[in-house]
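Each value in this text was obtained by applying a stated rule to the coordinates, not by laboratory testing. As the structure is a computational prediction, the values presented were derived from the model and not from experiment. Note: ideal-geometry Cβ built from the backbone for every residue, glycine included; neighbour counts use all protein chains shown.
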Amino acid sequence: MSDAFHQKLHHIVGAGLSGDTAQTKGMTRVEAISGKTVGSENLWMGETHVSASTASDNHHHGESETAIYVVSGNPVFVFFDDESGQEKRHETRPGDYIFVPPWVPHREENPDPSQEAVVVIARTTQEAIVVNLPSLKPSEQED
């Protein structure tokens, strides 16, 4: 058995990303780094693509912390703000980052009529946890 200093690096080619992961209507997730692809134990990383003029369904990622880096397009990240009692929107552009804490319901929107939005996602669990929801409001979640 090899020690921590004698393990190999894994190279994942962009064209080889797998769509065999949890999905949400209105977006496509592909995984690069996961337990399935490289044997990671504490990390999931991949991309999300949101087509032009599209919004994803509402969802959360369970216990995972999620970090998002905007590669292209101008996706909008929407969540329900308990303090104001309203939906809040973070409008982004390439180079921006978003942090989604565990269990926070949100959705991605791409208002651009002609350009796909692409983001890179990293999560603190080795697999992509996705729980699709009927609403962003806590009072409207199914038990």
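Relative contact order for the chain: what is it in percent, counting Cα pairs under 8 Å that are at least 6 residues apart?
Numbers: 349 pairs, mean separation 42.8, N = 143.
It comes to 30 percent, rounded to a whole number.
Computed 3J(HN,Hα) for the range 36-43, one whole-Hz value per residue from the Karplus formula 6.51 cos²θ - 1.76 cosθ + 1.60 where θ = phi - 60°, is 5, 7, 9, x, 4, 9, 9, 9, glycine and proline marked x.
Distance from the Cα centroid of the range 69-87 to that of the range 11-68 is 18 Å (rounded to whole angstrom).
How long is the gain from residue 135 to residue 43 if the chain were fully straight, where each residue apart is worth 0.36 nm and the alpha carbon distance is subtracted? Don't jump to the answer; show the numbers that get you there.
Working: separation 92, 0.36 × 92 = 33.12 nm, distance 2.75 nm.
Length gained between residue 135 and residue 43: 30.4 nm.
Are there GluC sites (Glu not before Pro) in the range 70-105 that DSSP marks as loop and that have at most 10 other Cβ atoms within 10 Å, and which are they?
On the way: sites: 83, 87, 91; in loops: 83.
Here the sparse-neighbourhood loop sites are 83.
Compute a Gaussian network model of the chain, connecting alpha carbons closer than 10 Å, and tell me which residue from 11, 49, 90 fluctuates the most. Comparing 11, 49, 90 in the GNM, the peak value goes to 11. Taking every alpha-carbon pair within the chain, the share separated by more than 22 Å comes to 40 percent. For residue 137, the lysines whose Cα comes closer than 19 Å to its Cα, not counting residues fewer than 8 places off in the same chain, are 25, 88.
Using only helices, what value at 222 nm comes out for the chain when you add -39,500 (n - 2.57) per DSSP H run of length 4 or more and divide by the total residues, to the nearest 500 deg cm²/dmol?
Values: 1 runs with 4 residues, N = 143.
Taking each H run of at least 4 residues, the total per residue is -500 deg cm²/dmol.
Filter the GluC sites (Glu not before Pro) in the range 15-56 to those in DSSP coil with at most 14 other Cβ atoms within 10 Å of their Cβ, and list the result.
Working: sites: 31, 41, 47; in loops: 41.
Filter output for the range 15-56: 41.
Label sites at residue 52 and residue 25, each approximated as a point 7 angstrom past Cα along Cα to Cβ, lie 2.3 nm apart.
Annotation: aspartates and glutamates with alpha-carbon distance below 18 angstrom to residue 36 (same-chain offsets under eight excluded): 20, 47, 127. Just the Cα atoms of the range 1-60, one point each, no solvent: what log10 I(q)/I(0) does Debye give at q = 0.28 Å⁻¹? At q = 0.28 Å⁻¹ the computed log10 ratios are -1.21.
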